[in-house]
Amino acid sequence: MKLVKKFFLIVLTFIVLLVLFAFGYLQYTKPKYEGEQSLKNITKATTVYFDDFGVPHIYAANQKDAMTALGYVHAQDRLWQMELMRRIAPGHLSEIFGNPVLKTDKFFAGIGIDENSAKAVAQLDKNSPTYILANAYLDGINQYMEAGVTPVEFRLLGITPEKFTLKDVYNIFGFMSFSFAMAQKTDPLLTDIRDRFGMNYLADFGIHGEFGTQKLQSFKGQYLEYSKISQSLTSMLEGSPVPAFIGSNSWVIGGAKTKRGQVILANDPHIMYSQPGTWYEAHIVCPNYEMYGYYIAGTPFPLLGHNREYAYGLTMFENDDVDFFEEEDNPNNDKQYKTPEGYKNYTYHQKTIKVKDSAEVKLNVKTSQHGPVVTGLLEGLSSKKPIAMTWTLLEQKNQILEAVYQLSHAKDLADFHKHIELIKAPGLNIMYGDAKGNIAWITSGKLYKVDKSVNTNFILKGANGIDDKKEFLSFAKNPSAVNPPWHYVYTANNQPEAIDGYLYPGYYLPKDRAMRIDNLLNPKNNWTKEEVSKMIVDHTSATAQTIVASMTASVSASNFSANEKQALKVLKEWQGTNALKDLAPTIYNKWLYFYLRDTFEDEFGKDNFKLLLSTHIIKQVIENQTQNAASPWWDNIETKNKKETQSDILTQSFKEAIASLEKQLGKDVNQWHWRKVHQVEFQHPIGKVKLLSRFFNVGTFPIAGSNEVINNQLFIYTDDAEITVKGGPSTRRIIDFSDIENSLSVLPTGQSGNPMSTHYTDQAELFVKGKFRKMKLNKREIEATSTKLVFTPK
């Protein structure tokens, strides 16, 4: 008995020591927010004040010193995220995660982002400020890797730190650009429907831009001086540990419509939720430069920013910059493909992918004149003909680093506008406002026209000499509005109006958010920062009431149960809000799922229907298709000797929705609150392991909002008991030039990516409740509310 007790005592002592060691190690890994730290390659002492939310305010003698310090403090909070971001484009995730991400690595290694990045670096002017400052930032990261604490994630996964380079920066921007594109999800899926059922079935999809959009108005004002492929790609991107960029809102209100006569800019880029979040905030002050910026991990210049003179933000343009071409192989030589000039040879090269705890994988990449053949890079494809991918980023000169530098160093609106032309991809809506009263919406991207017979929503023919002919347009043709007479500009990923009679093809989102933004901005002429802060978390749908009216009008309610009748009444009285206490959103979104399933799954099949739900195009379909009694989709092709009608499907799906809610939430309709089903968790890649989830993940929280409202909380329609919010605002920013030192912001979780930092989760409650904190510019206030870390020259 004594031996048993002694054994258990030894085990208990060991466990206690292990826990103490783990606790001590984790305390040791905390970021350093005060004290002194020597740093090579700076000329003078550089002071960094970390404010009460962990935002570094960097005061330096010059920009190069500031950038070196920025790299260091960015790395101490986000080195793990930087490591992930730089690995995805060259196909290096399998090296740390193993076989589960091998299909992602095969695709990205094969499409050529890494080679394009190397080419872009080689073309940089080594004497330019862009090159010098970017390398100073990378030097700061690399010095932290030498002198700082290795993140716990590196220890868990056995990662050996390697120096960051300019190619890593371009690779990060390259992945960001690809994640903006929607063609890879949509084009193959629509091609499959066209080929199986005919164009009549696509009339409800508005593929020519004929409905479902609130078109953005251009205005050239004066400056005031101042399907399987789809399935495979979708599965790959959704399984990636790096979040994709998916949408956004932004508006800029001119002084003529604000109470204090100065410009107000609002912006909330929508990105898939993750932990840590996308943006790292930092404020740089030098004798000749100041910028409060939002940085992507591993990149030296901010994509969002403001100072006392101007502010800028962005949303996704959603223009089509990816095309797929079906090649025709030579029947006598499968190493050749057909062109109008005769057969040409494919080019081949081999790449090696390292896989953790497994053998290396040799990847053979085949390329035609249109680009890499993706059917050789994706799993589960049954196509007998090779499909090649053309992407604007890889066709045009890559100047993204220079562009982002110039936008964050613009002299005035004219200078800012001019340098947007450097961004050939991705397509962005770039929003601008300044202290002089200028407001602007300007699109980036190298746009092009195709032959009138060509619809780029489908997979194109690679051999006919017609489908691949492009007329690239001058930057002057890009949609924009500069100081329009209506005194505001806005964008919510919706389609711009035609210019010169040409409607730019793309994967635009429905009119809901854009209509709501326009309806709120238009009649009011005394906007304040506080009112804009309420508007940016508005959760009223501009179209839900119209859709509900159409759907309920077609329902046959004669045999409805008491709960079905009560649920129908709740919907008919709904004002389109998506508050936590509301009942209607719970009923509405469950009904939408069953309506979509009963309408489309018989034609698409289960896998393709699931894919359809993840595309932008399904959001375009709902309002119009539910009103079209003659739509061919109503008929269930699996039932024989019967043709279902609009009323049949809508009645059936409503009854299914209520039955599902009764099972999941109980029989009392009054308890079906939105907060019970609409929830968000900010998930860390390692937090997917259940044992580690409570340490790394943040949440779960009930959250107001919904799909396609201003407070856009994105989810896929589902019959699950809990609607998992997958993405939404990656930040909310409000810049008021009448009170620039008290502009507002919030991040979804926190500034730091280190789980032991107090700033890992300290903004989560603010975010889910729609609240804000200040973006500080006043030095006295910063000093009074901050810890101080001084970098001294080494």
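Please give the strands (runs of 3 or more DSSP E) falling wholly within the stretch 647-729 in which 2 or more residues are under 22 Å from Thr278 (Cβ atoms) and hydroxyl-bearing (Ser, Thr, Tyr). If you could, list the steps in order and put the result at the bottom.
Numbers: elements: 678-682, 698-702, 727-729.
It comes to none.
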Counted residues, the stretch 306-357 - those being surrounded by 12 or more Cβ atoms within 10 Å (Cβ to Cβ) and assigned to a loop (DSSP other than H, G, I, E, B): 13
Enumeration of residues in the stretch 754-783 that are small (Gly, Ala, Ser) and in contact with a strand residue (DSSP E or B) (Cβ under 8 Å, 6 or more places away or on another chain): Ala764
Tally, over the stretch 734-748, of residues that are of a type in the set (S, T, N, Q), assigned to a loop (DSSP other than H, G, I, E, B) and under 24 Å from Asp762 (Cα atoms): 1
Sole residue being among the β-branched types (Val, Ile, Thr), modelled with pLDDT under 95 and part of a helix (DSSP H, G or I), chosen from Thr599, Thr626, Thr552: Thr626
Single match in Val669, Val680 (criterion: under 30 Å from Gly770 (Cα atoms) and in contact with a Gly (Cβ under 8 Å, 6 or more places away or on another chain)): Val680
Lone unmet requirement of (1) assigned to a strand (DSSP E or B); (2) open to solvent by 10 Å² or more (accessible area, probe 1.4 Å) for Ile466: (1)
Residue count, the stretch 611-644 (criterion: open to solvent by 40 Å² or more (accessible area, probe 1.4 Å) and β-branched (Val, Ile, Thr)): 2
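Based on what the data block shows, is Thr68 among the polar types (S, T, N, Q), in a helix (DSSP H, G or I) and under 21 Å from Pro300 (Cα atoms)?
Working: among the polar types (S, T, N, Q): yes; in a helix (DSSP H, G or I): yes; under 21 Å from Pro300 (Cα atoms): yes.
Criteria met by Thr68.
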Hits in the stretch 87-115 - residues which are within 16 Å of Leu401 (Cβ to Cβ) and open to solvent by 20 Å² or more (accessible area, probe 1.4 Å): Asp114
Some residue of the stretch 34-42 being open to solvent by less than 20 Å² (accessible area, probe 1.4 Å) and not aliphatic (A, V, I, L, M): no
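Looking at the stretch 526-543, which of the residues that are among the polar types (S, T, N, Q) and touching a Lys or Arg at 6+ places or on another chain (Cβ under 6 Å) is least open to solvent (accessible area, probe 1.4 Å)? Please lay out each step first, then the result.
Here is the first cut: in the stretch 526-543, the ones among the polar types (S, T, N, Q) are 526, 528, 533, 540-541, 543.
Right, trim to touching a Lys or Arg at 6+ places or on another chain (Cβ under 6 Å) and you get 526, 528.
On the way: Asn526: 74, Thr528: 28 Å².
The extreme case among them is Thr528.
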Residues located in the stretch 309-334, provided they are modelled with pLDDT of 95 or more and either within 17 Å of the chain's Cα centre (by Cα) or under 27 Å from Arg78 (Cβ atoms) (or both): Tyr310, Ala311, Tyr312, Gly313
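Tell me the residue from Ser94, Ser117 that is within 25 Å of the chain's Cα centre (by Cα), at pLDDT 95 or above, within 28 Å of Gly371 (Cα to Cα) and among the polar types (S, T, N, Q), please. Even if it seems obvious, please write down each step before you answer.
Details: Ser94 fails: at pLDDT 95 or above.
Of Ser94, Ser117, the one residue that is within 25 Å of the chain's Cα centre (by Cα), at pLDDT 95 or above, within 28 Å of Gly371 (Cα to Cα) and among the polar types (S, T, N, Q) is Ser117.
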Hey, Leu583 within 27 Å of Lys769 (Cα to Cα) and buried (at least 17 other Cβ atoms within 10 Å of the Cβ) or not: yes
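Residues checked against (1) surrounded by fewer than 18 Cβ atoms within 10 Å (Cβ to Cβ); (2) more than 30 Å from Tyr292 (Cα to Cα):
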{"position": "Leu363", "(1), (2)": "no, yes"}
{"position": "His370", "(1), (2)": "no, yes"}
{"position": "Val374", "(1), (2)": "no, yes"}
{"position": "Leu377", "(1), (2)": "no, yes"}
{"position": "Met389", "(1), (2)": "no, yes"}
{"position": "Asn398", "(1), (2)": "no, no"}
{"position": "Ser408", "(1), (2)": "no, no"}
{"position": "Lys411", "(1), (2)": "yes, no"}
Cross-chain or 6+ apart pairs with Cβ under 9 Å, the stretch 659-678 first and among the basic types (Lys, Arg), then assigned to a loop (DSSP other than H, G, I, E, B) and open to solvent by less than 30 Å² (accessible area, probe 1.4 Å): Arg675/Ala579; Arg675/Asp582; Arg675/Ile703; Arg675/Ala704
Some residue of the stretch 2-10 being open to solvent by 40 Å² or more (accessible area, probe 1.4 Å), more than 27 Å from Arg780 (Cα to Cα), under 35 Å from the mean Cα position of the chain (by Cα) and at pLDDT below 95: no
Residues of the stretch 544-566 classified as crowded, with 16+ Cβ neighbours inside 10 Å, over 26 Å from Ala514 (Cβ atoms) and in contact with a Leu (Cβ under 8 Å, 6 or more places away or on another chain), total: 3
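Of the residues Lys794, Lys779, which single one is within 29 Å of Thr43 (Cα to Cα), modelled with pLDDT under 95 and not β-branched (Val, Ile, Thr)?
Numbers: Lys779 fails: modelled with pLDDT under 95.
Just a single option satisfies the conditions, and that option is Lys794.
The values are calculated or read from the model by the stated rules, or taken from the named source; none is laboratory data. Computed from a predicted structure; not experimentally measured. Glycine also receives a Cβ, built like all others from the backbone with ideal geometry; neighbour counts cover every protein chain displayed. In case anyone asks, the SASA skips ligands and DNA or RNA and just uses the protein heavy atoms, side chains included. Shrake-Rupley method; radii C 1.70, N 1.55, O 1.52, S 1.80 Å.
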